[in-house]
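One structure is given here, and the rest of the page talks about it.
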Amino acid sequence: MKLYNLKDHNEQVSFAQAVKQGLGSQQGLFFPLELPEFELTDIDAMLEMDFVSRSSKILSAYIGDEIPPHQLAERVKAAFAFPAPVKAVSEDIACLELFHGPTLAFKDFGGRFMAQMLAYVSGSDDQITILTATSGDTGAAVAHAFYGMKNVRVVILYPQGKISPLQEKLFCTLGGNIETIAIDGDFDACQSLVKKAFDDRELKQAIGLNSANSINVSRLLAQICYYFEAVAQLPQEKRNQLVVSVPSGNFGDLTAGLLAKSLGLPIKRFIAATNANDTVPRFLDNGEWQPNLTVSTLSNAMDVSQPNNWPRVEELFRRKTWRLTDLAYGAVSDETTRAAMRELAEIGYISEPHAAIAWRLLRDQLHEGEYGLFLGTAHPAKFRENVEEILQQTLPLPPELAERAELPLLSHQMQAYFAALRAFLLK
């Protein structure tokens, strides 16, 4: 598999290099040189397979002969060791629940697959430092995926006071090879620090720097697989008129869904669902890319004004000669998010803010005869304080959260200065 740097098309790397390197020169994202496509008969046959077998076939289409099929299947089985069920919410809408993994969020799929791939492509004596920024769920998924892994140091930056207390507990109580830093700033400030680190060639070489954000192509490819898993669970008559609404912050999840469509998965259209940080909806509306300052919202994992994966979305539309005007979109206020959560509860489905935004836009934009699917990206209990206050009911804590809720935080605190981060990484 060859991938090219979106900022320098002459920089082409193997899958293994892309996994180890994370970003290309000039902070460029890697993108597949070949865009594989399955025949309709292949798609039908794949939808009859089990999750792991189908996912191995999808990933092989991109990775090629770099990893032998039996080895890849073993790694996929280890990574995807939990279900992604589709739960009916109403007659014409269902939720793809992606929060049944160890950290109760969709990031478990990408984080665990990346850990498996990095272990496979790295030498046993290579020292690796994983540096990543999180707006909530990435941190936990990456921390748990790499926890205790030999020769791997994980450093996670997150915006202090801007993620939920239980999200913080999930990854800031591990210790060991997992180091967490609460940054005085927003997610974009954390992301900027990560990018500066990757621009520092001397630092990269000194500590074997890598990223586990959705900028790492292994995470992105893993996320394609659960779109196929969703369609496989739908009756045949609902597959042909499928509309998928994706809660979007950094836009990795939407990119993966679009890649699934590019492979031949029958998805009629996508809805890019955001909160008040609406850079992409405004761009799709007026053609002008004008990021505002990031604002804090109920759906904190989507509090991103400069989504990293958007260049991949544009590149895919360009390569496939699709029209960006066909991508549906919408931005939802906190007030409407609260109302959506209450409406969902009234029809018997308890949701957290991110999924509620995706549901609200899907419900409003679904046409007669279509079937809607929205992504449930995190367990409601990860946002327990907000969910309980909005719905006026008590949520039981799942064991994954209950066992960490009372543990002390082990985080460092830091101003958003690169010099301070650089010194920390070199220590």
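For this structure, a couple of remarks:
- Residue among Phe317, Phe228, Phe283 that alone is in a helix (DSSP H, G or I) and touching a residue at least 60 places away in the same chain (Cβ under 8 Å): Phe228
Table: residues versus (1) closer than 24 Å to Pro291 by Cβ; (2) open to solvent by 10 Å² or more (accessible area, probe 1.4 Å).
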| site | (1), (2) |
| --- | --- |
| Phe171 | no, no |
| Asn177 | no, yes |
| Tyr227 | no, no |
| Gln233 | no, yes |
| Asn240 | no, yes |
| Val246 | yes, no |
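- With a requirement of 2 or more residues that are modelled with pLDDT under 95, the helices (runs of 4 or more DSSP H) lying completely within segment 1-66 that satisfy it span 15-21.
- Here His367 passes the criteria (1) at pLDDT 95 or above; (2) part of a loop (DSSP other than H, G, I, E, B); (3) open to solvent by less than 30 Å² (accessible area, probe 1.4 Å) except the one numbered (3).
- So Thr132, is it of a type outside the set (A, V, I, L, M), open to solvent by less than 10 Å² (accessible area, probe 1.4 Å) and in a loop (DSSP other than H, G, I, E, B): no
- Residue check, Ala272 small (Gly, Ala, Ser) and either assigned to a helix (DSSP H, G or I) or surrounded by fewer than 23 Cβ atoms within 10 Å (Cβ to Cβ) (or both): no
- Filtering segment 328-355 to residues that are assigned to a loop (DSSP other than H, G, I, E, B), among the aliphatic types (A, V, I, L, M) and surrounded by fewer than 22 Cβ atoms within 10 Å (Cβ to Cβ) leaves Ile347, Ile350.
- Single match in Ala358, Ala419, Ala378 (criterion: open to solvent by less than 60 Å² (accessible area, probe 1.4 Å) and farther than 16 Å from Val332 by Cβ): Ala378
- Residue within segment 106-125 that is more than 16 Å from Leu221 (Cβ to Cβ), open to solvent by less than 40 Å² (accessible area, probe 1.4 Å) and either part of a loop (DSSP other than H, G, I, E, B) or touching a residue at least 40 places away in the same chain (Cβ under 8 Å) (or both) present: yes
- Annotation for segment 85-95: no member residue is touching a Phe, Trp or Tyr at 6+ places or on another chain (Cβ under 7 Å), touching a residue at least 60 places away in the same chain (Cβ under 8 Å), assigned to a loop (DSSP other than H, G, I, E, B) and over 26 Å from Gly376 (Cβ atoms).
- Lone qualifier among Glu34, Glu48, Glu74, Glu97 - being open to solvent by less than 20 Å² (accessible area, probe 1.4 Å) and among the acidic types (Asp, Glu): Glu97
- Look at segment 393-405: where a residue is more than 11 Å from Pro380 (Cα to Cα) and a partner is of a type in the set (Gly, Ala, Ser) and in a helix (DSSP H, G or I), sitting 6+ places away or on another chain with Cβ atoms under 7 Å, you get Leu401/Ala381.
- Residue within segment 149-162 that is touching a helix residue (DSSP H, G or I) at 6+ places or on another chain (Cβ under 8 Å) and part of a loop (DSSP other than H, G, I, E, B) present: yes
The values are calculated or read from the model by the stated rules, or taken from the named source; none is laboratory data. In this text the structure is predicted, and so the values were computed from the model without any measurement. Here Cβ is always computed from backbone atoms with ideal geometry, including for glycine, and neighbour counts include all displayed protein chains. These accessible areas exclude ligands, DNA and RNA; they are computed on the full protein's heavy atoms, side chains included. Shrake-Rupley method; radii C 1.70, N 1.55, O 1.52, S 1.80 Å.
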